[in-house]
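First comes the structure, then the notes that go with it.
The values are calculated or read from the model by the stated rules, or taken from the named source; none is laboratory data. It should be emphasised that the depicted structure is a prediction, and the values quoted were computed from it without experimental measurement. FYI the Cβ positions are ideal-geometry reconstructions off the backbone, even for glycines, and counts take in every protein chain you see. Heads up: the accessible areas ignore ligands, DNA and RNA and are worked out on the full protein's heavy atoms, side chains in. Shrake-Rupley method; radii C 1.70, N 1.55, O 1.52, S 1.80 Å.
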Amino acid sequence: MNKKLFFVFTIIPFFALAQHTIKGKFPNTDDFKFAFLYQVTTQTSKFVNNAEIKEDGSFSFTLDKNQPAGTYRIVYNQPQDRYNFDFLYNNEDIELTYDFDDGLTFTKSEENKLWKSYNKSIQLVANSLNNFYLKGDNNEEDFNKIIQILQNTQSEFEKAAEGKMALNFITASKPYIPNKYVDAKTFSELAKAEYFNHINFSNPILQNSNFLIEATLNYIFNFIDQDQANASYIKNIDTAVKAIGNNPKVKKVILEVLYSQFAYENIEPVANHIATKHLLDIAKADNDTELIKDLTNFKNASIGHKGYNFDIVIYDENGKATVKKMHDLDEAENYLIIFWSTTCSHCLEEIPQLHNYVKTIDKKQLKVIAVALDEDRYRWKDMTYDFPEFYHVFGEGKWDNQIGNNYNVKATPSYFILGKDKVIIKKPYDFEAFKDYFSKTLEE
(Lines give C-alpha, C1' and ligand atoms only; values in the text may rest on other atoms or scores of the structure.)
Protein backbone atom coordinates (compact mmCIF):
# COMPACT_ATOMS: atom_id res chain seq x y z
CA MET A 1 0.00 0.00 0.00
CA ASN A 2 2.74 2.44 0.95
CA LYS A 3 4.66 1.59 -2.21
CA LYS A 4 1.64 2.40 -4.34
CA LEU A 5 1.15 5.72 -2.60
CA PHE A 6 4.81 6.55 -3.03
CA PHE A 7 4.58 5.78 -6.73
CA VAL A 8 1.52 8.00 -7.14
CA PHE A 9 3.13 10.94 -5.38
CA THR A 10 6.30 10.67 -7.45
CA ILE A 11 4.53 10.84 -10.81
CA ILE A 12 2.35 13.86 -9.91
CA PRO A 13 5.29 16.31 -9.79
CA PHE A 14 6.58 14.86 -13.05
CA PHE A 15 3.44 15.94 -14.90
CA ALA A 16 3.12 19.21 -13.01
CA LEU A 17 6.64 20.27 -13.92
CA ALA A 18 6.50 19.13 -17.54
CA GLN A 19 7.69 21.68 -20.07
CA HIS A 20 5.83 22.55 -23.24
CA THR A 21 7.03 23.58 -26.68
CA ILE A 22 5.83 26.00 -29.31
CA LYS A 23 6.93 24.92 -32.75
CA GLY A 24 6.25 26.87 -35.89
CA LYS A 25 7.16 27.30 -39.50
CA PHE A 26 7.29 30.27 -41.87
CA PRO A 27 7.48 30.14 -45.64
CA ASN A 28 11.06 29.49 -46.66
CA THR A 29 12.50 33.01 -46.70
CA ASP A 30 15.78 34.75 -46.04
CA ASP A 31 14.05 37.83 -44.65
CA PHE A 32 13.50 36.51 -41.14
CA LYS A 33 16.32 35.30 -38.92
CA PHE A 34 14.86 35.22 -35.41
CA ALA A 35 11.47 34.83 -33.76
CA PHE A 36 10.80 36.62 -30.45
CA LEU A 37 8.22 35.35 -27.99
CA TYR A 38 6.30 37.78 -25.74
CA GLN A 39 3.61 37.38 -23.13
CA VAL A 40 0.84 39.93 -23.73
CA THR A 41 -0.26 41.92 -20.68
CA THR A 42 -2.74 44.75 -20.15
CA GLN A 43 -0.26 47.57 -20.63
CA THR A 44 2.74 46.02 -22.39
CA SER A 45 4.34 42.79 -23.60
CA LYS A 46 6.87 40.82 -21.55
CA PHE A 47 9.79 39.27 -23.38
CA VAL A 48 9.97 35.50 -22.86
CA ASN A 49 12.53 34.05 -25.25
CA ASN A 50 13.92 34.14 -28.76
CA ALA A 51 14.56 31.39 -31.28
CA GLU A 52 16.51 31.15 -34.52
CA ILE A 53 14.47 30.74 -37.67
CA LYS A 54 16.16 27.97 -39.62
CA GLU A 55 16.67 27.82 -43.37
CA ASP A 56 13.46 25.85 -43.85
CA GLY A 57 11.53 28.51 -41.90
CA SER A 58 11.06 26.44 -38.75
CA PHE A 59 11.58 27.62 -35.18
CA SER A 60 10.93 26.25 -31.70
CA PHE A 61 10.48 27.60 -28.17
CA THR A 62 10.65 25.59 -24.98
CA LEU A 63 8.64 27.22 -22.23
CA ASP A 64 9.64 27.28 -18.59
CA LYS A 65 7.54 24.99 -16.43
CA ASN A 66 6.14 28.01 -14.55
CA GLN A 67 5.22 29.99 -17.66
CA PRO A 68 1.66 31.27 -17.06
CA ALA A 69 -1.25 30.63 -19.39
CA GLY A 70 -2.43 33.56 -21.47
CA THR A 71 -2.13 35.31 -24.81
CA TYR A 72 1.32 35.25 -26.39
CA ARG A 73 2.82 37.05 -29.36
CA ILE A 74 5.53 36.05 -31.80
CA VAL A 75 7.42 38.90 -33.48
CA TYR A 76 9.47 37.94 -36.53
CA ASN A 77 10.62 41.23 -38.07
CA GLN A 78 10.68 45.01 -37.77
CA PRO A 79 8.56 47.02 -37.22
CA GLN A 80 7.21 44.85 -34.41
CA ASP A 81 3.67 46.20 -34.59
CA ARG A 82 3.38 44.93 -38.16
CA TYR A 83 5.26 41.64 -38.20
CA ASN A 84 3.63 39.67 -35.41
CA PHE A 85 0.78 37.33 -34.55
CA ASP A 86 -0.99 36.34 -31.32
CA PHE A 87 -2.14 32.96 -30.02
CA LEU A 88 -3.38 31.32 -26.81
CA TYR A 89 -1.12 29.26 -24.55
CA ASN A 90 -2.72 27.11 -21.86
CA ASN A 91 -0.13 24.54 -20.77
CA GLU A 92 -0.15 22.53 -23.97
CA ASP A 93 2.25 21.89 -26.82
CA ILE A 94 1.56 24.08 -29.84
CA GLU A 95 2.47 23.49 -33.46
CA LEU A 96 1.63 26.07 -36.10
CA THR A 97 2.40 27.35 -39.54
CA TYR A 98 2.19 30.98 -40.58
CA ASP A 99 1.44 31.97 -44.15
CA PHE A 100 1.42 35.63 -45.18
CA ASP A 101 -1.79 35.22 -47.16
CA ASP A 102 -3.76 32.71 -45.07
CA GLY A 103 -2.41 33.62 -41.65
CA LEU A 104 -2.15 31.12 -38.79
CA THR A 105 -2.88 27.41 -39.04
CA PHE A 106 -2.62 25.23 -35.94
CA THR A 107 -1.72 21.60 -36.42
CA LYS A 108 -1.53 21.04 -32.67
CA SER A 109 -3.34 23.05 -29.94
CA GLU A 110 -6.89 22.44 -28.75
CA GLU A 111 -7.27 26.02 -27.50
CA ASN A 112 -6.22 27.71 -30.71
CA LYS A 113 -7.98 25.28 -33.03
CA LEU A 114 -11.20 25.87 -31.13
CA TRP A 115 -10.87 29.68 -31.11
CA LYS A 116 -9.98 29.84 -34.79
CA SER A 117 -12.75 27.42 -35.75
CA TYR A 118 -15.26 29.52 -33.80
CA ASN A 119 -14.31 32.70 -35.63
CA LYS A 120 -14.50 30.99 -39.00
CA SER A 121 -17.90 29.45 -38.25
CA ILE A 122 -19.41 32.68 -36.94
CA GLN A 123 -18.10 34.54 -39.99
CA LEU A 124 -19.75 32.03 -42.34
CA VAL A 125 -23.11 32.53 -40.64
CA ALA A 126 -22.62 36.31 -40.71
CA ASN A 127 -21.95 36.11 -44.45
CA SER A 128 -25.19 34.18 -44.94
CA LEU A 129 -27.11 36.83 -43.00
CA ASN A 130 -25.48 39.64 -45.01
CA ASN A 131 -26.38 37.91 -48.28
CA PHE A 132 -29.96 37.49 -47.05
CA TYR A 133 -30.28 41.23 -46.46
CA LEU A 134 -28.41 42.22 -49.63
CA LYS A 135 -30.88 40.25 -51.72
CA GLY A 136 -33.66 42.28 -50.16
CA ASP A 137 -35.21 39.08 -48.91
CA ASN A 138 -37.83 39.32 -46.17
CA ASN A 139 -38.73 35.63 -45.99
CA GLU A 140 -39.10 35.02 -42.27
CA GLU A 141 -38.61 31.27 -42.60
CA ASP A 142 -35.23 31.67 -44.30
CA PHE A 143 -34.25 34.32 -41.77
CA ASN A 144 -35.15 32.09 -38.84
CA LYS A 145 -33.10 29.23 -40.29
CA ILE A 146 -30.00 31.44 -40.40
CA ILE A 147 -30.62 32.72 -36.86
CA GLN A 148 -31.08 29.15 -35.61
CA ILE A 149 -27.75 28.19 -37.13
CA LEU A 150 -26.18 31.23 -35.44
CA GLN A 151 -27.70 30.25 -32.09
CA ASN A 152 -26.60 26.62 -32.42
CA THR A 153 -23.09 27.61 -33.49
CA GLN A 154 -22.63 29.86 -30.48
CA SER A 155 -24.09 27.30 -28.09
CA GLU A 156 -22.05 24.38 -29.43
CA PHE A 157 -18.77 26.26 -29.25
CA GLU A 158 -19.48 27.45 -25.72
CA LYS A 159 -20.06 23.82 -24.68
CA ALA A 160 -16.94 22.63 -26.49
CA ALA A 161 -14.87 25.34 -24.77
CA GLU A 162 -15.96 24.54 -21.21
CA GLY A 163 -12.87 24.45 -18.97
CA LYS A 164 -10.71 26.06 -21.64
CA MET A 165 -9.26 29.55 -21.87
CA ALA A 166 -10.92 30.02 -25.26
CA LEU A 167 -14.32 30.12 -23.53
CA ASN A 168 -13.53 33.63 -22.26
CA PHE A 169 -13.12 34.89 -25.82
CA ILE A 170 -16.02 32.90 -27.27
CA THR A 171 -18.56 34.15 -24.71
CA ALA A 172 -17.27 37.73 -25.07
CA SER A 173 -17.71 37.46 -28.85
CA LYS A 174 -21.33 36.33 -28.67
CA PRO A 175 -23.16 38.17 -31.46
CA TYR A 176 -26.60 39.73 -31.32
CA ILE A 177 -29.18 36.96 -31.88
CA PRO A 178 -32.75 38.23 -32.49
CA ASN A 179 -35.73 36.13 -31.40
CA LYS A 180 -37.84 37.16 -34.40
CA TYR A 181 -37.46 38.62 -37.88
CA VAL A 182 -36.07 42.16 -38.08
CA ASP A 183 -35.07 44.19 -41.11
CA ALA A 184 -31.44 45.11 -41.81
CA LYS A 185 -31.66 48.58 -40.28
CA THR A 186 -33.26 47.31 -37.09
CA PHE A 187 -30.78 44.45 -36.87
CA SER A 188 -27.86 46.88 -37.05
CA GLU A 189 -29.39 49.17 -34.43
CA LEU A 190 -30.07 46.32 -32.00
CA ALA A 191 -26.65 44.75 -32.62
CA LYS A 192 -25.09 48.08 -31.74
CA ALA A 193 -27.23 48.48 -28.62
CA GLU A 194 -26.25 45.03 -27.32
CA TYR A 195 -22.64 45.03 -28.54
CA PHE A 196 -20.96 45.28 -25.13
CA ASN A 197 -23.46 43.08 -23.25
CA HIS A 198 -21.17 40.04 -23.18
CA ILE A 199 -17.80 41.80 -22.91
CA ASN A 200 -16.39 41.89 -19.39
CA PHE A 201 -13.68 44.54 -19.29
CA SER A 202 -12.69 43.30 -15.79
CA ASN A 203 -11.80 39.81 -17.09
CA PRO A 204 -7.99 39.49 -16.64
CA ILE A 205 -7.72 36.96 -19.48
CA LEU A 206 -9.32 39.43 -21.88
CA GLN A 207 -7.29 42.29 -20.43
CA ASN A 208 -4.03 40.45 -21.10
CA SER A 209 -4.73 40.22 -24.81
CA ASN A 210 -5.63 42.46 -27.73
CA PHE A 211 -9.27 41.36 -27.59
CA LEU A 212 -10.67 44.35 -25.70
CA ILE A 213 -8.82 46.84 -27.91
CA GLU A 214 -9.94 45.15 -31.12
CA ALA A 215 -13.52 44.77 -29.93
CA THR A 216 -13.69 48.47 -29.01
CA LEU A 217 -12.17 49.54 -32.33
CA ASN A 218 -14.67 47.37 -34.23
CA TYR A 219 -17.55 49.01 -32.41
CA ILE A 220 -16.33 52.57 -32.95
CA PHE A 221 -15.48 52.20 -36.64
CA ASN A 222 -18.28 49.88 -37.79
CA PHE A 223 -21.35 51.57 -36.30
CA ILE A 224 -21.10 55.01 -37.87
CA ASP A 225 -23.20 57.34 -39.97
CA GLN A 226 -20.96 58.23 -42.92
CA ASP A 227 -22.77 61.56 -43.37
CA GLN A 228 -21.88 62.54 -39.80
CA ALA A 229 -18.75 60.49 -39.24
CA ASN A 230 -17.07 62.61 -36.56
CA ALA A 231 -20.25 62.91 -34.51
CA SER A 232 -20.73 59.14 -34.79
CA TYR A 233 -17.16 58.46 -33.71
CA ILE A 234 -17.54 60.70 -30.66
CA LYS A 235 -20.86 59.14 -29.64
CA ASN A 236 -19.42 55.63 -30.04
CA ILE A 237 -16.31 56.51 -28.04
CA ASP A 238 -18.39 57.83 -25.16
CA THR A 239 -20.50 54.66 -25.20
CA ALA A 240 -17.40 52.47 -25.21
CA VAL A 241 -15.86 54.38 -22.29
CA LYS A 242 -19.07 53.87 -20.32
CA ALA A 243 -18.95 50.14 -21.10
CA ILE A 244 -15.33 49.89 -19.93
CA GLY A 245 -16.43 51.13 -16.53
CA ASN A 246 -14.10 51.54 -13.57
CA ASN A 247 -11.02 49.92 -15.10
CA PRO A 248 -8.51 52.80 -15.23
CA LYS A 249 -5.56 50.80 -16.63
CA VAL A 250 -7.65 49.17 -19.32
CA LYS A 251 -9.39 52.45 -20.09
CA LYS A 252 -6.09 54.28 -20.48
CA VAL A 253 -4.62 51.67 -22.83
CA ILE A 254 -7.71 51.60 -25.05
CA LEU A 255 -8.07 55.38 -25.10
CA GLU A 256 -4.41 55.85 -26.00
CA VAL A 257 -4.83 53.46 -28.94
CA LEU A 258 -7.95 55.30 -30.07
CA TYR A 259 -6.35 58.70 -29.62
CA SER A 260 -3.25 57.67 -31.60
CA GLN A 261 -5.42 56.34 -34.43
CA PHE A 262 -7.44 59.55 -34.82
CA ALA A 263 -4.41 61.78 -34.27
CA TYR A 264 -2.45 59.89 -36.94
CA GLU A 265 -5.33 60.29 -39.39
CA ASN A 266 -5.54 64.01 -38.46
CA ILE A 267 -9.18 63.66 -37.44
CA GLU A 268 -8.59 66.42 -34.92
CA PRO A 269 -12.10 66.99 -33.50
CA VAL A 270 -12.34 63.33 -32.46
CA ALA A 271 -8.77 63.08 -31.16
CA ASN A 272 -9.24 66.23 -29.08
CA HIS A 273 -12.57 64.95 -27.74
CA ILE A 274 -10.86 61.78 -26.53
CA ALA A 275 -8.17 63.87 -24.88
CA THR A 276 -10.26 66.54 -23.19
CA LYS A 277 -13.22 64.41 -22.09
CA HIS A 278 -11.48 61.18 -21.15
CA LEU A 279 -7.73 60.76 -21.47
CA LEU A 280 -6.34 63.97 -20.00
CA ASP A 281 -7.89 63.34 -16.57
CA ILE A 282 -6.44 59.81 -16.51
CA ALA A 283 -3.01 61.12 -17.52
CA LYS A 284 -3.15 63.71 -14.73
CA ALA A 285 -4.19 61.08 -12.17
CA ASP A 286 -1.22 58.94 -13.25
CA ASN A 287 1.07 61.98 -13.29
CA ASP A 288 1.94 61.01 -16.86
CA THR A 289 3.60 64.29 -17.81
CA GLU A 290 4.71 63.06 -21.24
CA LEU A 291 1.18 62.10 -22.24
CA ILE A 292 -0.23 65.35 -20.84
CA LYS A 293 2.26 67.30 -22.95
CA ASP A 294 1.44 65.31 -26.11
CA LEU A 295 -2.30 65.76 -25.68
CA THR A 296 -1.96 69.48 -24.95
CA ASN A 297 0.43 70.19 -27.83
CA PHE A 298 -1.74 68.31 -30.32
CA LYS A 299 -4.82 70.27 -29.28
CA ASN A 300 -3.02 73.63 -29.35
CA ALA A 301 -1.73 72.89 -32.86
CA SER A 302 -5.13 71.83 -34.20
CA ILE A 303 -7.07 73.72 -36.83
CA GLY A 304 -9.20 76.44 -35.23
CA HIS A 305 -6.71 77.15 -32.43
CA LYS A 306 -4.49 80.20 -32.27
CA GLY A 307 -0.92 79.35 -33.16
CA TYR A 308 1.72 79.35 -30.42
CA ASN A 309 3.37 82.74 -30.08
CA PHE A 310 7.15 83.12 -30.45
CA ASP A 311 9.86 85.69 -31.13
CA ILE A 312 10.96 86.61 -34.64
CA VAL A 313 14.07 88.69 -35.33
CA ILE A 314 13.35 91.00 -38.28
CA TYR A 315 16.07 92.89 -40.12
CA ASP A 316 15.37 96.11 -42.01
CA GLU A 317 17.15 97.26 -45.19
CA ASN A 318 20.00 98.69 -43.11
CA GLY A 319 20.51 95.46 -41.21
CA LYS A 320 18.96 96.76 -38.00
CA ALA A 321 17.33 93.99 -35.98
CA THR A 322 13.92 94.24 -34.33
CA VAL A 323 12.32 91.50 -32.25
CA LYS A 324 8.60 90.97 -32.79
CA LYS A 325 6.11 88.47 -31.48
CA MET A 326 4.47 86.35 -34.14
CA HIS A 327 1.04 87.39 -32.88
CA ASP A 328 1.98 91.07 -33.40
CA LEU A 329 2.72 90.72 -37.10
CA ASP A 330 0.30 92.79 -39.17
CA GLU A 331 1.52 92.78 -42.73
CA ALA A 332 -0.38 90.03 -44.53
CA GLU A 333 -3.77 88.37 -44.76
CA ASN A 334 -2.21 84.94 -44.27
CA TYR A 335 0.91 83.50 -42.68
CA LEU A 336 2.66 80.24 -43.42
CA ILE A 337 4.83 78.72 -40.72
CA ILE A 338 7.04 76.02 -42.20
CA PHE A 339 9.22 73.83 -40.01
CA TRP A 340 12.30 72.56 -41.79
CA SER A 341 15.86 71.42 -41.20
CA THR A 342 19.14 71.92 -43.03
CA THR A 343 19.72 68.13 -42.93
CA CYS A 344 16.26 67.17 -44.25
CA SER A 345 16.38 66.15 -47.92
CA HIS A 346 12.65 66.78 -48.47
CA CYS A 347 13.05 70.24 -46.95
CA LEU A 348 15.98 71.11 -49.20
CA GLU A 349 13.82 70.14 -52.16
CA GLU A 350 10.64 71.96 -51.10
CA ILE A 351 12.03 75.15 -49.51
CA PRO A 352 13.39 76.52 -52.85
CA GLN A 353 10.08 75.67 -54.57
CA LEU A 354 8.18 77.47 -51.84
CA HIS A 355 10.44 80.50 -52.09
CA ASN A 356 9.99 80.73 -55.85
CA TYR A 357 6.22 80.45 -55.47
CA VAL A 358 6.07 83.11 -52.75
CA LYS A 359 7.85 85.60 -55.04
CA THR A 360 4.85 85.40 -57.40
CA ILE A 361 2.36 86.35 -54.68
CA ASP A 362 1.40 89.78 -53.43
CA LYS A 363 3.29 90.38 -50.18
CA LYS A 364 0.04 91.53 -48.56
CA GLN A 365 -1.46 88.10 -49.16
CA LEU A 366 1.19 85.89 -47.55
CA LYS A 367 4.21 86.01 -45.31
CA VAL A 368 6.33 82.91 -44.68
CA ILE A 369 8.00 82.22 -41.34
CA ALA A 370 10.59 79.46 -41.70
CA VAL A 371 11.48 77.78 -38.42
CA ALA A 372 14.55 75.59 -38.72
CA LEU A 373 14.56 72.76 -36.19
CA ASP A 374 18.31 72.38 -36.23
CA GLU A 375 21.56 72.10 -34.32
CA ASP A 376 24.07 73.86 -36.57
CA ARG A 377 23.41 77.60 -36.33
CA TYR A 378 26.16 78.57 -38.78
CA ARG A 379 25.02 76.22 -41.54
CA TRP A 380 21.45 77.44 -41.04
CA LYS A 381 22.51 81.10 -41.18
CA ASP A 382 24.37 80.57 -44.43
CA MET A 383 21.33 78.95 -46.03
CA THR A 384 18.92 81.70 -44.97
CA TYR A 385 20.55 84.13 -47.40
CA ASP A 386 19.15 82.03 -50.26
CA PHE A 387 15.59 82.72 -49.09
CA PRO A 388 15.28 86.46 -48.40
CA GLU A 389 11.47 86.48 -48.80
CA PHE A 390 11.09 84.52 -45.54
CA TYR A 391 11.32 85.48 -41.92
CA HIS A 392 13.81 83.04 -40.40
CA VAL A 393 13.81 81.55 -36.91
CA PHE A 394 16.44 79.19 -35.55
CA GLY A 395 14.74 76.38 -33.63
CA GLU A 396 17.68 75.28 -31.54
CA GLY A 397 17.56 71.74 -30.18
CA LYS A 398 15.85 70.24 -33.22
CA TRP A 399 13.19 67.84 -31.82
CA ASP A 400 13.62 69.30 -28.36
CA ASN A 401 12.58 72.81 -29.32
CA GLN A 402 9.79 74.76 -27.63
CA ILE A 403 8.33 76.16 -30.84
CA GLY A 404 8.31 72.83 -32.63
CA ASN A 405 6.90 71.06 -29.60
CA ASN A 406 4.08 73.57 -29.25
CA TYR A 407 3.13 73.00 -32.87
CA ASN A 408 3.33 69.24 -32.29
CA VAL A 409 5.86 68.86 -35.11
CA LYS A 410 6.84 65.21 -35.61
CA ALA A 411 8.47 65.51 -39.03
CA THR A 412 9.96 68.08 -41.39
CA PRO A 413 8.85 69.81 -43.48
CA SER A 414 5.58 70.64 -41.71
CA TYR A 415 3.24 73.38 -42.93
CA PHE A 416 0.81 75.55 -40.93
CA ILE A 417 -1.36 78.19 -42.63
CA LEU A 418 -2.58 80.90 -40.24
CA GLY A 419 -5.09 83.63 -40.89
CA LYS A 420 -4.63 87.31 -40.14
CA ASP A 421 -5.68 86.63 -36.55
CA LYS A 422 -3.00 83.88 -36.29
CA VAL A 423 -5.57 81.09 -35.99
CA ILE A 424 -4.53 77.87 -37.74
CA ILE A 425 -6.76 77.30 -40.76
CA LYS A 426 -4.94 74.55 -42.69
CA LYS A 427 -2.07 72.08 -42.31
CA PRO A 428 -1.02 70.99 -45.82
CA TYR A 429 0.93 67.75 -46.16
CA ASP A 430 3.65 69.16 -48.44
CA PHE A 431 4.49 72.05 -50.78
CA GLU A 432 2.21 70.88 -53.59
CA ALA A 433 -0.72 70.57 -51.18
CA PHE A 434 0.03 74.06 -49.86
CA LYS A 435 0.31 75.52 -53.35
CA ASP A 436 -2.92 73.87 -54.47
CA TYR A 437 -4.85 75.12 -51.43
CA PHE A 438 -3.45 78.63 -51.40
CA SER A 439 -3.82 79.17 -55.15
CA LYS A 440 -7.50 78.30 -54.88
CA THR A 441 -7.82 80.65 -51.90
CA LEU A 442 -6.44 83.52 -53.97
CA GLU A 443 -8.91 82.81 -56.78
CA GLU A 444 -11.92 83.08 -54.48
Query raised in the report: Does residue 127 qualify as being closer than 28 Å to residue 220 by Cβ and modelled with pLDDT under 95?
Result: no
Query raised in the report: Which of (1) among the charged types (D, E, K, R); (2) open to solvent by 40 Å² or more (accessible area, probe 1.4 Å); (3) in contact with a helix residue (DSSP H, G or I) (Cβ under 6 Å, 6 or more places away or on another chain) does residue 374 not meet, given it meets every other one?
Result: (2)
Query raised in the report: Here are some conditions: (1) in contact (Cβ under 8 Å) with a residue 12 or more places away in the chain; (2) more than 26 Å from the chain's Cα centre (by Cα); (3) under 23 Å from residue 168 (Cα atoms). Residue 66 meets all but one. Which one does it not meet?
Result: (1)
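Any idea which residue in the range 230-249 is nearest to residue 40 (Cα to Cα), counting only those that are assigned to a helix (DSSP H, G or I) and modelled with pLDDT under 95?
Ranking the candidates gives 249 first.
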Requested in this report: Return yes or no: is residue 217 open to solvent by less than 20 Å² (accessible area, probe 1.4 Å) and either at pLDDT 95 or above or of a type in the set (Phe, Trp, Tyr) (or both)?
Outcome: no
**Report entry** Positions within the range 399-444 being part of a helix (DSSP H, G or I), touching a strand residue (DSSP E or B) at 6+ places or on another chain (Cβ under 8 Å) and either among the acidic types (Asp, Glu) or within 14 Å of residue 297 (Cβ to Cβ) (or both), in sequence order
**Finding:** 403, 404
Report summary line: Over the range 195-214, the set of residues within 18 Å of residue 237 (Cβ to Cβ) and out of contact with any helix residue (DSSP H, G or I) (no Cβ under 9 Å at 6 or more places or on another chain) is 214
Query raised in the report: In this structure, is residue 122 surrounded by 14 or more Cβ atoms within 10 Å (Cβ to Cβ), within 30 Å of residue 154 (Cβ to Cβ) and over 27 Å from the mean Cα position of the chain (by Cα)?
Result: no
Query raised in the report: What's the number of the condition residue 120 fails, among (1) modelled with pLDDT of 95 or more; (2) of a type in the set (Lys, Arg); (3) more than 23 Å from residue 212 (Cβ to Cβ)?
Result: (3)
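To keep it simple, each residue is scored yes or no on (1) among the β-branched types (Val, Ile, Thr); (2) open to solvent by 50 Å² or more (accessible area, probe 1.4 Å); (3) at pLDDT 95 or above; (4) out of contact with any His (no Cβ under 6 Å at 6 or more places or on another chain).
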{"site": "54", "(1), (2), (3), (4)": "no, yes, no, yes"}
{"site": "58", "(1), (2), (3), (4)": "no, no, no, yes"}
{"site": "66", "(1), (2), (3), (4)": "no, yes, no, yes"}
{"site": "78", "(1), (2), (3), (4)": "no, yes, no, yes"}
{"site": "101", "(1), (2), (3), (4)": "no, yes, no, yes"}
{"site": "105", "(1), (2), (3), (4)": "yes, yes, yes, yes"}
